[in-house]
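Data first, discussion second: the structure below is written as structure tokens.
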Amino acid sequence: MKIIVIGGGHAGCEAALAAARIGAKVTLFALSLDSIALMPCNPCIGGSAKGHLVREIDALGGQMGKAIDATFIQSRMLNTAKGPAVYSLRAQADKKNYMTYMKQILENEPNISLREGEVVEILTANSKVSGVKIISGEIVECDAVIVCTGTYLNARCLYGETITHTGPGGLKNAVGLSESLKKLGFNLQRFKTGTPARIHRRSIDFSKMAVQPGDEKIVPFSFETDPAKIAREQIPCHLTYTTPATHDLIRESLHRSAMYSGLIEATGTRYCPSIEDKIVRFADKERHPVFIEPEGINTQEMYAQGLSSALPEDVQIQVYRSVPGLENCEIMRVAYAIEYDCIDATQLTLNLEAKHIGGLFFAGQINGSSGYEEAAAQGLIAGISAASENGKAIELGRADGYIGVLIDDLVTKGTREPYRMMTSRAEYRLLLRQDNADLRLTPKGYAAGLIPEQRHSQFQQKAAAIQAEILRLQKTTVTPDEANEILMNKNSAPLKSGAKLADLIKRPEINYNDFNNLGALPPEVESQLDLFVLEAVQEQVEIQIKYEGYIKIQLEQAEAFRKMEKKLIPPDIEYENIHGLRLEARQKLAALRPVNFGQASRVTGISPADLSVLMVYVKQKTG
């Protein structure tokens, strides 16, 4: 099978690698091979909910987790004051090293060919992809195409009254493909994102800022990475805040911002607003946080997270210098907003294939999402789907992973603004923790052909060790004499009679390791596991025991959800003939053509009454 991937960003990298590792011959076209895996905005991977996506990508056999483990300069676990369901790993990357690492991985994959060039047209025959046409006029035939164009389609960058028709960071944009997509019947939308200025390190007074160090104990993104082997000196980030003077300057100059002067008509992201948006939308806030983060080890450029802007350059300088620690800052690259074309993802199946054109897949910001992690997750699924014989090598639902939630939201509900993954979007987030992504998804990655036999065997050992230890703790009884000293040292109520170890570990103040002296994993099990895997086993045992009751409830809810997903809707159903349905419901269902009743229930505007009518109709038709 021959597959063409259009775009070398995070979606394109994962799509190409997944398809190639399954066995397809892949040609990846990038506008510039020097921009492979570019991080045009913040050079970081992970964060709230995004860390879950990266862990799931790794569990399925993707590359992003290993890439950031190899190139991070600071690593932190977020949300540790809350429960494990929302723990999220975040790492600052060395921007150049990350790109170099990923390009080398692609170059060394025997089934991938990298080509610099612009694809201007997607060719079809009999409603199926047949090839692409590049800007030179050359036609390259293929069996499938994965479009991963990021923010480059008809892109233009704006700040103040300055407009450059380029992609991010002044790179070449793609001008021909949008028209081709329109001719193929895709509805295009215009979205916007932005980035802050880059500041020279020597011009920053860090003494006026709070230090944000990395974690002492490194937690890797990849389940295969040994933390001891990636231990390194970390570079601190710093925290400062805007001031009333900052806000006054912005209010006085709003009319000069490209966002408020009428130059920008595209829809921006709600969850990563510019500093202008923050001042307007949150006028009651006296200050906003600004994180000063390094772009890498071998550069003096610093990223000012929180100060994304489309103000003119002269105003940007004043605004930045009103922030404590930045009074004498030297701006190396100005902040800007970027507009670009994307499609309405409701025209895709849950495998990210176009509903009306076979073999044409889309992944990343072209689908209306934002963020490197969201893009990479879609790229992985699109690559697996495109390389499989029937396009259905892997199915991830909302109860299976954050990736399932992400794709279902885009494809079923659509988005009218850049979509960002958040933990609140996942109905079953206690089940979909980042720590158990391998337990949930590695068997699926293995079935798809992305998990090697050795890794799968090691995974099975880990899974078996977890279950064996939970069973041991549930069966092992300790006496008051054995347990009370430990319990009293932890300010926990002493025992009056024997109790199971599992019941003691359920106490909030008690941890698994508190009872190590009363027996742990059997020696024959420990000897089979690497130390870092052993620690992961112990973590899983503790979480599964402590939250057993809550997990059981969510498992029951997830099972009920899956039953709805298994109730299929005939693909040739004629919604216009279901007269009991409201006109709006008929139109939306006909346009989206959900594959099952679970998906139909999530279509915006479909009521429980509509669903009941549809169920009766399908039952009558199918017997």
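List of remarks:
- Residue in the stretch 332-340 that is surrounded by fewer than 21 Cβ atoms within 10 Å (Cβ to Cβ), touching a Lys or Arg at 6+ places or on another chain (Cβ under 8 Å) and at pLDDT 95 or above present: yes
- Enumeration of residues in the stretch 154-168 that are open to solvent by 50 Å² or more (accessible area, probe 1.4 Å) and of a type in the set (S, T, N, Q): Asn154, Thr162, Thr164
- Hits in the stretch 275-312 - residues which are modelled with pLDDT of 95 or more and among the small types (Gly, Ala, Ser): Gly296, Ala304, Gly306, Ser308, Ser309, Ala310
- Residue list for the stretch 404-453, filter: charged (D, E, K, R) and closer than 19 Å to Gln544 by Cα: Glu427, Arg429, Arg433, Asp435, Asp438, Arg440
- Some residue of the stretch 536-557 being free of Cβ contacts under 8 Å to residues at least 12 places away in the same chain, within 30 Å of Ala228 (Cβ to Cβ) and within 27 Å of the chain's Cα centre (by Cα): no
- For the stretch 406-451, a residue qualifies if it is in a helix (DSSP H, G or I), among the charged types (D, E, K, R) and open to solvent by 30 Å² or more (accessible area, probe 1.4 Å), and the qualifying residues are Lys413, Arg425, Arg440, Lys444.
- Lys128 being of a type in the set (D, E, K, R) and either in the same structural domain as Gln365 (by TED's automatic domain parsing) or over 26 Å from the mean Cα position of the chain (by Cα) (or both): yes
- Reported count of residues in the stretch 25-55, each being closer than 14 Å to Leu106 by Cα and in contact with a strand residue (DSSP E or B) (Cβ under 7 Å, 6 or more places away or on another chain), is 8.
- Of everything in the stretch 169-216 that is at pLDDT below 95 and assigned to a helix (DSSP H, G or I), the residue that is surrounded by the most Cβ atoms within 10 Å (Cβ to Cβ) is Gly169.
- Check on Val129, surrounded by 19 or more Cβ atoms within 10 Å (Cβ to Cβ) and in a strand (DSSP E or B): yes
- Hits in the stretch 473-492 (condition: under 43 Å from the mean Cα position of the chain (by Cα) and open to solvent by less than 60 Å² (accessible area, probe 1.4 Å)): Leu473, Thr476, Ile486, Leu487, Ser492
- From Gln528, Gln554, residue being out of contact with any Lys or Arg (no Cβ under 6 Å at 6 or more places or on another chain) and either outside any helix (DSSP H, G or I) or at pLDDT below 90 (or both): Gln528
The values are calculated or read from the model by the stated rules, or taken from the named source; none is laboratory data. None of these values were measured; they are calculated from a predicted model. We place every Cβ from the backbone using ideal geometry, glycine too, and count neighbours over all the protein chains shown. When the accessible area is computed, the model is the full protein with side chains, heavy atoms only, and any ligands, DNA or RNA have been set aside. Shrake-Rupley method; radii C 1.70, N 1.55, O 1.52, S 1.80 Å.
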